[in-house]
Structure formats: structure tokens, C-alpha cells
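No value in this document is a laboratory result; all are computed from the given coordinates. Only a predicted model underlies this, so the values are computations on that prediction, with no experimental measurement involved. Quick reminder, even Gly has a Cβ in these numbers, built from the backbone with ideal geometry, and neighbours come from all protein chains shown.
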Amino acid sequence: MNRLVQTGLLALISCSFLACQEDLPTAGRVDLIPVEAVSVEVTLPFEEFGSDLRVYGGYGSPAELAYGMIAHEYGGELEARTLINLWSYPVSATVRDTTGTSRPDSSLTFVGGRLVAKFDTISSVQNGPVDLAVGALENSWHYPSASWTVAVDTVMDYRPWPEEGAGPVVPLAVATWDPAQGDSVIFDVDSAGVAFWADSAGARRGMRLDALTEGVRLETLAVRLFLITRPSSNPDTLVDLLVSSRNHTFVYEPVLEVPESGIRVGGVPAWRAVFDVDFPEALNGPPELCAKVQCPLVLEPEMVNAARLSLKTSETPAAFRPSDSLRLDLRSVLEPSRLPKSPLGSSLITYYGYGVPFAPELFGDSAGVRVEMPVSSYVTRLIAANNDPDLEAPGTVALLSPLEPLSLPFGSFYGLDGGEGPEIRLILTVGQGVEIR
């Protein structure tokens, strides 16, 4: 038994001695496996990742929006008028007769009406009460194609308005909307006025809403006509019958041309900016990067902690400046050869389902600052595609509104002139080399 113990002790001493003669990788000595991670921030100017920046317009029409627009000398230049046509008047109604019994009555006399217009108080821009006017349109028009100068613009039919601005109209009523009193205004229309829309042709021609007060821009959410009706079965009682709007649009001037420089996104018809992307495989600068890591730095997807597309806002013309948050999206262009009509892919924005919101003042008094859109997933995909030819990443992208069109106001950004164009800001974590000695 003692001999066994002595043998075990000799073996342990021998093993310990041998271990002292070798460096074991698992011994935990710091100088044997130097692992060091460095986080760096890199800003890539447009020319290092993008090319062929261009701006397209003409997507959608005012008739596609859920609201109308009324403006007069807004921003010193914007004029806008809402056009509405109606469903036909009811030919009968169920009313109580003189005995109190409800029964159909097809002999109705329309003695007047109340036209109720509801406004979006958040998006509308005004300073106090606003005087408004409604008039009956004298000419037929085509709501998807009508514009400030043209009533109908289709393949088989082209008809300008007799008067620019969707005119002429027969003046019917004026009213004052005071936002402090609510979100709606009521026009009192007499019997002669409601007679303009009594037949189907008149109902289709409909009406035009104008602003008489200068310096205002209003969004109309709904317009309804309540007919004041005298039924034959009970002439002493007046009944309100609702006539809903059938179609609506708005016409406006000026209509802007494609900008000579800069980026424009949003508006109606909508604008979008498109550019090609060729992301670098390696970085060989700037000096601040190479001072921390070995250059050239070959990019790997796992290095990307964050990536953001950076844009510098510029001042939008006052007439088209947003009054509420403006949302932007970045989407892949599926068939670049078919631009500007190429279909688009899904959003490339990280963690946003409905675009990135930007405050309206960024395009006015606070213009000239950089804003960012998160694109980490897209940049990671670009880097992975550079390293693996079997992978693909969108090579052409579009900067646009999440829905087109979304609103008349639009956002403006610096283009490539003056070095203020789009950038990509990267935050990378780079692991320094691992060495076994």
C-alpha cells in the first residue's frame, strides 16, 4: 500500500515538472492569446457607396388622397381648390305623416340645404378665422385627371377648363370657419342653389370650394350636403336628407418642375430619389480609422454594429413646406431598366414599419441639419454579398414616401453639389488579430 502511494507521488511530481517545460494554450496567460476589439465610427461620402443620383416625379394624383386641399396665396404662391361631385338626390324618403305614421313619400320639395365641410385642424395652416366660398361647377370634369388648367385629360378626351383654376362656377354661399369653434363649417344654400345639383348631370358636375382669406392652406376631410326637405305627406315638417360626395380631388398651382439639383421626396404627384449602390469591400481610410485598425480593412457582416443613411435637409419652398411630420422610406428597385416605372421591393429601413418620421421644422426654420435612417440590415446584406457571390443585395434603391402620394407638402434635401449629399455612417467593431505563440 505504501509502495502504491510512493509511486503515485512520483508520477504527480514528474507530470508537474513536465508541465513547467511547456506553454499550454489553455493556461490563461494574457500574453499568449491577445484578443482586442476596437469600435470605430466611419462616415462614407456618397461617391464611396453610391452613383447616378436622380429625381423622378409624377407618381399618383390628388384624387388618390383621402382629403382635399384649399389654399389662397399660401407661401406667397400656392392656390388650391377642392372639387366635389355628388350622388343623385333621393327620390323618396320615409317620413311621418300628419297622423304620426311613418311611410314612404316620393313627392319631396327641396327648400334649401346645409353644406358641411370638415377640416384637419392639425395639418391645416391658418391664423384665425377663414372665409370660404362654395360655387356650382358649370362644366363636366374627370376627377382622376383634372388639374388647374384641364378638366379632362384622358386618352380619348382632352378638355381645358374655360377658366383656369376649375372655372367658371356659379357662386352659391360663403361662410367663415373659426378653428377655435370646431373642425367644421356650414354653408347655407338656398333652394335655387340646391337646384343646380338636382339632376344627375348637375350632381356629377358638383361644386368647388375656395378660400377667400389669404395665407391659408386647409385640408378638407369630408364634405356632405344635407337637403332641407318638405315632404308632401307632412308639409309642416322639414326633414334633412343626406347626400354624400361621390368623388373628390383638388387642383392647384404652381406645379413644380424636376429640381436642377438636390433631392425632393413626397408631394402630389409624388417625388422620389433613386440611386445605385456599390458598397466597398474594404476601407482604406480615413486616417482616423487606420490609426486604430490595420488598413485596408476588409469588411465582414459581423463587424456592423449600426449603419445609417444620413441626409442633410434643405429649405422647402414655403408653399409646399410640411406642417406635420414627414415620413420617408427606402425601398429596393426591382427592375432598374424600367425606371421611372419600375416596381419596388420591400422596405430596407431597419425596425420601421411605416417610414421614418421627420419634424416639419427640419424643412423650414431648422433646415440644414443631418437626419438619419437606420439601414443596418441592408448594409450587412451588401457586405455579405460582396464576400459571397451566391448572395444578392439590391443594387438600386429609391428614397420615397411610404405611400405615394401621401400629401401635397414634400421634403427637400441637399444633393451632390457642395459635398453635402447623402452619407452612410457606420459603427464597426473590429477584432484585432489572434496569435498563438
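So here's what we get for this one:
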item: Extended-chain gain in nm, criterion 0.36 nm per residue less alpha-carbon gap, residue 221 and residue 93; result: 43.3 nm
item: In range of the label at residue 180: residues from the stretch 99-128 whose backbone nitrogen is under 15 Å from the point 7 Å along Cα→Cβ; result: 126-128
item: Packing-based order for 94-104, 211-221, 42-52, 184-194, using average beta carbon neighbours within 10 Å, highest first; result: 211-221, 184-194, 42-52, 94-104
item: Angle between the chain longest axis and helix 2-19 axis [Cα atoms, degrees, rounded to 10]; result: 70
item: Spin-label pair residue 253/residue 51, simplified geometry with 7 Å Cα→Cβ offset, distance in nm; result: 4.3
item: Qualifying aspartates and glutamates (Cα of each under 12 Å from Cα of residue 292; at least 8 residues distant if same chain); result: 36, 41
item: Separation between Cα centres of the stretch 378-413 and the stretch 198-226, rounded to whole Å; result: 40
item: Separation in nanometres of the label points that stand 7 Å from Cα toward Cβ, at residue 127 and residue 300; result: 6.1
item: Cα long-axis angle, helix 376-387 against the chain (0 to 90 degrees, to the nearest 10); result: 50
item: Packing rank of 85-91, 166-172, where each peptide gets the mean count of other beta carbons within 10 Å, highest leading; result: 166-172, 85-91
item: Partners for residue 118 among aspartates and glutamates (Cα-Cα distance below 19 Å; same-chain residues under 8 apart left out); result: 64, 131, 178, 183, 188, 210, 219, 240, 324
item: FRET efficiency, residue 281 to residue 372 (Cβ-Cβ, R0 25 Å, nearest 0.05); result: 0.55
item: Contour minus Cα-Cα distance for residue 290 and residue 77 (0.36 nm per residue); result: 71.5 nm
item: Burial order of peptide ranges 365-375, 306-316 (average beta-carbon count within 10 Å, highest first); result: 306-316, 365-375
item: Residues residue 392 and residue 425, FRET efficiency given R0 of 30 Å [Cβ-Cβ distance, rounded to 0.05]; result: 0.80
item: Segment residue 192-residue 242, extension gain: residue separation times 0.36 nm, minus the distance between their alpha carbons; result: 16.2 nm
item: The stretch 331-355 and the stretch 69-87: distance between their alpha carbon centers, rounded to Å; result: 32
item: Residue 346-residue 154 pseudo-label distance in nm [points 7 Å out on the Cα-to-Cβ vector]; result: 3.9
